[in-house]
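What follows draws every value from the coordinates through simple rules; no lab data is involved. Please read these numbers as outputs of a predicted model, since none were measured by experiment.
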Amino acid sequence: MLSQAMQDALNEQINAELWSAYLYLSMSAHFESVNLPGMAKWMRVQTSEEYAHAVKFMDHIHDRSGKALLKPIAAVPTEWKSPLEAFEATLKHEQKVTARIHKLMDQAVAAKDHATAGMLQWFVSEQVEEEANAIEIVNKLKMLADSKGALYWLDHELGKRGAE
């Protein structure tokens, strides 16, 4: 059975994951509006991943006889000055998510909630991948600087991302 404290923390994480999905959907809309369809697609796939993460937390709560509670999602930004600014924001956001996951893991370990700790281990590994992906794109955007041709190429490459 899931403790009330752990259930509350996991419900907060559901809200954070849905906020992440909403953020990336907003970034997708922004990239569409500035004619970067590949980056828009990349963010749309990211949106789906974040939604799936929220569902994974909900399923864990329900599997442990708890109750998942959906709370209002706060507003997200809607514009970025450049692709670099958007992907730097993505990296910063993923670092915050990593810190949240680590805090949840610490809470589960302290409570000797092995089932939740086991579930969270998947997220610990996932966050390594999430940060690495964002760092790679930020670094590429920094390398290409103001080259329109390179931006076109990168947009095309990011558009190849499929659902994972």
For residue 148, which lysines qualify as cross-link partners when the Cα separation must be under 20 Å and same-chain residues fewer than eight apart are set aside? 41, 81, 140, 160
Residue 67: which aspartates and glutamates have alpha carbons under 16 Å from its alpha carbon, excluding same-chain residues fewer than 8 sequence positions away? 8, 12, 59
Hey, can you list the DSSP H helices of the chain whose Cα span along the axis is 18 Å or longer and whose average Kyte-Doolittle score is at least 0.0? 114-144
